[in-house]
2 protein chains.
Amino acid sequence: MRTLSTSDIEALAIGTAILGTGGGGNPYITKLRVLEELKHGRHVRLLGLDELEDDALVLSIGGIGAPAVSIEKLEEGTEGVRVLRALEEFLGAKIDALISAEIGGGNGLEPMVTAAALDLPVVDADGMGRAFPEMQMTTFSIYGHRSTPAAVCDEHGNVVLFRHAVSELWFERLARATVVSMGGTAIGAEAPMRGRYVKRAGVPGTVSQSIRLGHLVLEANQAHRSAIPEICAQEHGIHLIDAKIVDLKRHLRGGFSVGTLELEGIDAHAGSSARIDFQNEFLTFERAGRIEVCVPDLIVVLDVDSGHAITTDVLRYGQRVAVLALPCHPLLRTPEALAVVGPRAFGLEQAEFHPLPRPGERAS
Amino acid sequence: MRTLSTSDIEALAIGTAILGTGGGGNPYITKLRVLEELKHGRHVRLLGLDELEDDALVLSIGGIGAPAVSIEKLEEGTEGVRVLRALEEFLGAKIDALISAEIGGGNGLEPMVTAAALDLPVVDADGMGRAFPEMQMTTFSIYGHRSTPAAVCDEHGNVVLFRHAVSELWFERLARATVVSMGGTAIGAEAPMRGRYVKRAGVPGTVSQSIRLGHLVLEANQAHRSAIPEICAQEHGIHLIDAKIVDLKRHLRGGFSVGTLELEGIDAHAGSSARIDFQNEFLTFERAGRIEVCVPDLIVVLDVDSGHAITTDVLRYGQRVAVLALPCHPLLRTPEALAVVGPRAFGLEQAEFHPLPRPGERAS
C-alpha cells in the first residue's frame, strides 16, 4: 500500500492522458478535485493487486458521456459517493476498494476523488489499460463480469439504478440514454467485483504505470530534453513519425468525436506522410496506403516538444506532433477481447490487427 | 369488492377509449391479455375507494411510450409482475392493490393483467380521469406524491430503477429516455402510495365509470340507436358537433403525435365548421375563431354511428364523427392542477380554461 503524493497526482494526470490515446476525457478538472481532497488532509492510498483480498468488493467508478461536454458541465462533487452508497444500499454490502474501468484520461483519476472522501483504497489496475468509447469494452465485461446492477447519478441528485440488463450492450445502451437525458455526462458505478476476479481480469499496474509515465515527462521537461525516447523505452513503444498536422476533419456522430488527421513528416521524417482515423480515441495509423497500427494497440499523439498528450478534442491544424505506437496488454489480444475491442468492433472492415511486439515476444 | 366479468372487460375497453380523448393508447391488445387471464381461471377484483385500507400500499402500473409503437411492439407478458417485484424488493414492502395512473386508453386496463396474475385487487380510481401525455400530469403527482423510486422494464428483461429524481419533471425526462432506448414502449410502476393518499388525490370511480360507458355503447349498438345522447347524459357532457373530417395534419414531434383536425358540420350541424388541435390527446375545440373547450376538460371524438372512440392515431379524412365535451374532475381544476395540465402546460398561450359546468355547478 502506497499513499500518493501531490506530485504523484500531477504525474498521474499526464500519464493517463498519454494512455488515453486521444480520448478518455480531459484529466485536468478531475486532477484539481483530487488535489483539493489532499489539501483538506485526505489521502489516496494505492493498493497493489497482490495486496488485494480475494473476497474484497471492488467497485469501478467513472464518468460516462461526451468528453467535450465534461469540460463545461462540471460535477457537483459528491456524485461518486452517491453512486457508491446507492449500490451499497441496493446490494446490502460494503465496498472495500475502488478501481477505474478505464485508466485513460480523466477516468484514471475519477475513483481517487471518492476514495479520498471515503478513505477507501484504489486498486493499481483497470479494465482497459487505455481508453475506449463504450462500456462493454472493458476486460471486466469481456471476461464475464456483468455490469448490472449499476448506478448512475448527476449533479442535481437524480440517481438511476440499472437493476438488470440482459447483456453488456443493453447496459451500454440504457446507461447512455440516461446520461444523454442528464445533459451528456454523469458519474456511474458498475456492479462490484470480487478481488479474485480483478486479479484475473484486470489490466495490472496501470495506475503506477501512468504515474511513472507522468514523472518521466515532467523530469524530461525540467531537463529540457525530449520525453519521447524514454516513453518509447518504458512502454516498449515505436516512434512512428514526427509530423505536422496538415489537415483535420472532425465531427460529432452519435455522441462520439469522429474524424481524420492528415500528417506530413518533419525533421527526420520530412517527405513522408501519414493519416490517423479516430472515434474519441485514435483507431488506425496508416502510411503509404497500409494500416501499420490499429486498435486495440495504442496510438499516442504527443506534442513533439513537451511530450504531453493531445486529445482528439484539442487537435488543431499546424500542431507539431510525435506519434507513438504502444502495445496493448495481452488481455486485450485474445479472440474474445478482439471481438469487442478489435478493428471490426469499430466498423473498420479493411483493418487487420497485427499486434505490436511486446517484451519477450516476436513481431507477428 | 366486485369481480369483473368478461363483458365488463369488453365494456371497460370501450369506456377507457372514450375517456382517452384520442390518446392513452389503444386498449385492444391489453383487453385481449386481460381476457386471456380470465380464460385461465384468474380474476380481476375491483375495490371501491371506501373499501381501501388507509395503510394499504397501492401501486400504479402502466405503459409508457408512444401509442403508435405499442400496437406493433407487443409486451412479453410479465412486465407488470417484474416491475412490481423489483419495487417490492427494493422497498422491502408488499404491494396490496394496483391502480391506473391514467384511466384513458389501454392504461385503464394495464393493471388488470398483473392484478389477475398475482390475485391483487384493482382500485376503482385513477390519477387523471382521462389521458394525458406526460407522467407528471397525474393528480397523484400534482397533490404531492413523489413518483420515485419507480421501475421500468421491457420485454427482453431489462429492469431500470429510478431511485431518486429531484422533481416529477426530471422523472418524466429520465424515464422517457429509458423507454425510448428500450424501443419506444415499456411498462412502468411508480412509488407506491398509501390508501389514505389515494382516497384524497385519486379521481374516484373511474373504472366503474368506464365500464358503465362501455355497456351503454354496447347496448345502444345492439338496439340500433345512437349512444351519443346517453353518453352526454351520463357524463354531463355537451354534444358539440356532428361533422365530417375535411382536413387532417398529423406528424410526430418529440415522440408525440401532434396535429390539427378540420371539421365540417353534417346533418343538424350542416353549414358550420370547427377545428381540433391535438398532442396525443385532443387539446382544444375551436369554432368561429373561438376556443370553446380546452384541456383539462375532455374533448371526445366518436364514430357518429357506433359511438366508439376514434384515437388520434386512426383519424382519417372523410370520417363522420360526433364531438363531445365532458367536464373533467374538480381535482384537475385547482390552480395547482391547472399549472400542470391546463392550456399553458401544453404551450397553448392563446387558450383560457373556462370549465364546463358540472352537475350542481353553474357555467363560468
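Quick note: the coordinates plus some simple rules give every number you see, no bench work behind them. Keep in mind that what you see is a predicted model, and the values were worked out from it rather than measured. FYI the Cβ positions are ideal-geometry reconstructions off the backbone, even for glycines, and counts take in every protein chain you see.
Remarks
- Distance between segment A:254-304 and segment B:271-334 - C-alpha centres, whole angstrom: 61
- Applying the Karplus relation 6.51 cos²θ - 1.76 cosθ + 1.60 with θ = phi - 60° to segment B:308-313 yields 3J(HN,Hα) values of 7, 5, 10, 7, 4, 5 Hz, where x marks Gly and Pro.
- Cα-centre dipole for segment B:1-112 with unit charges at Cβ (Lys and Arg positive, Asp and Glu negative), debye to 20: 380
- Under 11 Å from the B:GLU264 label point (7 Å along Cα→beta-carbon), backbone N, segment B:301-328: B:318
- For chain B, the relative contact order is 20 percent, taking Cα pairs closer than 8 Å that sit 6 or more residues apart in sequence and dividing their mean separation by the residue count.
- Set of lysines near B:LYS31 by C-alpha distance (under 26 Å), chain-local residues within fewer than 8 positions excluded: B:LYS39, B:LYS73
- Check: the protein assembly as shown dipole with +1 on Lys, Arg Cβ and -1 on Asp, Glu Cβ, in debye: 220
- 10 Å Cβ neighbours from other chains, averaged over peptide A:161-168: 6
- The GluC sites (Glu not before Pro) of segment A:1-83 meeting both criteria, a DSSP state outside H, G, I, E and B (loop) and at most 10 other C-beta atoms within 10 angstrom of the site's C-beta, are A:GLU72.
- In loop segments of segment A:258-323 as defined by DSSP, the trypsin sites (Lys or Arg not before Pro) with at most 12 further C-beta atoms inside 10 Å of their C-beta are A:ARG316.
- Across the identical copies, the label point of B:GLY265 (7 Å from Cα in the Cβ direction) is separated from its matches by 8.7 nm, in order from shortest.
- Residues of segment B:185-207 falling in the label zone of B:MET1, defined by backbone nitrogen less than 11 Å from a point 7 Å along Cα to beta-carbon, are absent.
- In terms of surrounding Cβ atoms within a 10 Å radius of their Cβ, A:SER273, B:SER210 rank from fewest to most as A:SER273, B:SER210.
- A:SER272-A:ASN221 FRET efficiency (beta carbon distance; Förster radius 35 Å; 0.05 resolution): 0.80
- Debye intensity ratio in log₁₀ form over the Cα atoms of the protein assembly as shown, taken at each q of 0.05, 0.07, 0.10 Å⁻¹: -0.33, -0.59, -0.94
- When restricted to Cα atoms, segment B:68-168 yields an Rg and a Dmax of 13.6, 36 Å, respectively.
- Taking each DSSP H run with n ≥ 4 as -39500 (n - 2.57) and averaging over every residue of chain B yields -9000 deg cm²/dmol at 222 nm.
- In the calculated pair-distance distribution of segment B:2-206, the portion above 28 angstrom amounts to 15 percent of the Cα-Cα pairs.
- Under the simplified labelling scheme, the B:ILE71-B:ARG290 pair shows an inter-label distance of 3.6 nm, with each label point 7 Å from Cα along Cα→Cβ.
- Between 0 and 90°, nearest 10: helix B:79-91 axis offset from chain B longest Cα axis: 50
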